[in-house]
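Enquirer: The structure under discussion is supplied below as C-alpha cells; questions concerning it will follow.
The values are calculated or read from the model by the stated rules, or taken from the named source; none is laboratory data. What you see is a predicted model, and the numbers here were worked out from it, not measured in a lab. Heads up, the Cβs are rebuilt from the backbone with ideal geometry, glycines too, and the neighbour counts pull from every protein chain shown.
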Amino acid sequence: MLIKMTAFVHFILALIFLPFSLTAPLLPREWDHVPTIAPSHDPWYKDEPANLSGYSPGETIAYRAVAIPSYFNTSFSPNRVAQAWQVKYRTTDSRYNPTWAITTLYVPTQRDNDAVLLSYQQPYDSSNINRSPSYLAVTVDPSKDTTYAFALPWILNTNPGWFINMPDYEGPKASFSSGAISGQATLDSIRAVRQLSRQTGMSASIPFVMWGYSGGALATEWAAELQGSYAPGLTDLAVCALVGGLTPNLTNVFYTITEKNTSSAFIIPDAIEGLSTQFPELKQPVVSVLGRSSWGDVLAYVRGLVAAQDLGGLKSFIDRLLSVDDVKRVLSNDAVMGMHGVPLMDMYVYEASYDQVSPVQDTRKLVDRYCGLRGKVHYEEFTNPAVDHVGMGGRGLFYGLDLLDKVLKGRKLQECVKLTNAS
C-alpha cells in the first residue's frame, strides 16, 4: 500500500518494480491492437465470460495484442519489448468461487537461453478498476505520472531478456486489500501466460520470480502462501518470491495510519470498499453501526475524514468498524498473512524498521512463523531512522535487483536469519 506523493517520490518508488509451451493449442482470440478503453467501459475486460465455471483456474479464456507503451522503448531502454499481450483468464475469488482477471505480458526483443519470467505485482492500491495496471501502463502520461514511465523501462534495461507478467490481481471488482483473490489471481496469471507459447516463444519450462512492494507485496505474499495448495504445479518452476513493505495485518495497518500517517489515510476507505466487493454482507451492519443512510454514505463519510486529515475521527471510525462481527471475521480470514499455508519457494523479505504504514513487528512475527514451520525465508531489516515505507521502496530497487542477480546465478542466501542493514 503506497503513499500518494509527489511525482519525484513516485519515481523513486516506481524504480523498485517491475520488476509458454511451444505445443500449446491455439486459444480464442478477440482482436489485435484494440483501442485503449477504460476497464469500466470495456466489455472484453469487465463482462463475465460465458461458461466461466467450465474453465480451470489459470486457464486462458481469451487474449489480445495491445500497444507497447511508447515510453518503454526509449534511448534508456531501446527496443527492449517486442510484443505486449493482454490475457483474460479464469481465477478464484476470496470466497473460492470462479471469477476472472486480466494480465499483461511483455515479451522481450532479446530471447536469452536463461530467460526468466518476472511476475511483477504493481502496487496500485485502489478500489477503482480504472486504476488497474493493464490500463494505466498504456494510458499514463509519463510527464505526469512516473510510476509506470520509469519503473518498467528501468527493469527492462537492466534485464533485457526477461518476460514480464503484470497482473490486475485485484480482479474485475478492484478488490483492493482482499488477500485470497490477490494471491490466486497472481498465481493464475503465471499459469495463463504460459499458454501463449506460440505467440510469445516463451518456454513451458521457464522459471519464474515474483516481486512486489507494499500493495504489490500483499499479492505476492498471498500468492507464495497459497501456491502449495492452490497451484502445486508451479512448485518446480518457482525460483523465489521477493517482498518488501509487507502489510501482514490490515487491522494494524489501519491503526498505524491513524496514529501517524495522514498521507496514507486513503488506504482505509479504499481497503474497506475493496473488501466489501468480495464480502458484501458486511455493508449493512456497518451502515447500521455508523448510523449512515447507505454504504455509499459510509464511504463518503470516511473519505471526508481522510480529506480533512482527521486522524482522531479515523481512529474512532476504525473502533466502531471493528465492533461489527462480520468485519472482524473478514479481516481475520482475508486480511491476515500467514494463516493459509507456508511458502514452498524461497522467500526474500526486506523491511524498514521505521515503516509508518505497517508495524515492523508484524513482519518479524510473520517471518518467525514461517521459519518455525520450516519455511525458507531470508529477512533483512533496514534500521536507518531516515528510511521509512517510501524510502525503503527506493532502496528496494537496488537491493532487489542485486539479490535477484545473485539468486539467478545460483547463489543460495542464508535462510531464517535476521540481518540488519544500517544504510
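Enquirer: Find the residue count for the stretch 381-423, including only residues that are within 26 Å of N157 (Cα to Cα) and not aromatic (F, W, Y).
Expert: Final tally of qualifying residues: 24.
Enquirer: Can you tell me how many residues in the stretch 367-423 are surrounded by 15 or more Cβ atoms within 10 Å (Cβ to Cβ) and part of a helix (DSSP H, G or I)?
Expert: 21
Enquirer: When the stretch 148-168 is examined, which residues are found to be more than 19 Å from V66 (Cα to Cα) and assigned to a loop (DSSP other than H, G, I, E, B)?
Expert: N159, P160, G161
For every residue, the table says whether it meets (1) modelled with pLDDT under 95; (2) surrounded by fewer than 24 Cβ atoms within 10 Å (Cβ to Cβ); (3) outside the structural domain of S126 (by TED's automatic domain parsing).
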{"residue": "S182", "(1), (2), (3)": "no, no, no"}
{"residue": "T186", "(1), (2), (3)": "no, no, no"}
{"residue": "R191", "(1), (2), (3)": "no, yes, no"}
{"residue": "S197", "(1), (2), (3)": "yes, yes, no"}
{"residue": "A219", "(1), (2), (3)": "no, no, no"}
{"residue": "A223", "(1), (2), (3)": "no, no, no"}
{"residue": "L226", "(1), (2), (3)": "no, yes, no"}
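Enquirer: From P207, P160, P167, grab the single residue that is under 26 Å from Y350 (Cα atoms), surrounded by 24 or more Cβ atoms within 10 Å (Cβ to Cβ) and assigned by TED's automatic domain parsing to the domain that holds S70.
Expert: P167
Enquirer: Are any of the residues in the stretch 64-74 assigned to a strand (DSSP E or B) and β-branched (V, I, T)?
Expert: no
Enquirer: Out of the residues in the stretch 60-83 meeting the condition of being surrounded by 15 or more Cβ atoms within 10 Å (Cβ to Cβ) and modelled with pLDDT under 75, tell me which one is farthest from W162 (Cα to Cα).
Expert: If we take residues in the stretch 60-83 being surrounded by 15 or more Cβ atoms within 10 Å (Cβ to Cβ) and modelled with pLDDT under 75, then T74 is farthest from W162 (Cα to Cα).
Enquirer: List pairs: first residue in the stretch 81-100 and in a strand (DSSP E or B), second residue acidic (D, E) anywhere in the structure, Cβ distance under 6 angstrom, at least six positions apart or on different chains.
Expert: Every condition considered, the pairs that remain are Y89/D188; R90/E59; T91/D188; T99/D93.
Enquirer: Within the stretch 116-157, can you find the residues that are among the charged types (D, E, K, R) and either modelled with pLDDT under 75 or not assigned by TED's automatic domain parsing to the domain that holds T103 (or both)?
Expert: Hits for the stretch 116-157 are D141, K144, D145.
Enquirer: When you scan the stretch 278-298, do you find a residue that is among the hydrophobic types (A, V, I, L, M, F, W, C), surrounded by fewer than 17 Cβ atoms within 10 Å (Cβ to Cβ) and within 18 Å of L250 (Cβ to Cβ), even just one?
Expert: No, every residue in the stretch 278-298 fails to be among the hydrophobic types (A, V, I, L, M, F, W, C), surrounded by fewer than 17 Cβ atoms within 10 Å (Cβ to Cβ) and within 18 Å of L250 (Cβ to Cβ).
Enquirer: Could you please tell me which pairs satisfy a Cβ distance under 6 Å, a separation of 6+ or placement on different chains, a first residue in the stretch 297-319 that is modelled with pLDDT of 95 or more, and a second residue that is acidic (D, E)?
Expert: Short answer, once both residue conditions are applied: L299/E273.
Enquirer: List the pairs whose first member sits in the stretch 229-253 and is farther than 21 Å from L275 by Cβ, whose second member is of a type in the set (D, E, K, R) and assigned to a strand (DSSP E or B), and whose Cβ atoms are under 8 Å apart, counting only residues at least 6 apart or on separate chains?
Expert: Between residues of the stretch 229-253 that are farther than 21 Å from L275 by Cβ and residues that are of a type in the set (D, E, K, R) and assigned to a strand (DSSP E or B), the close pairs are V239/D346; C240/D346; A241/D346; G244/E351.
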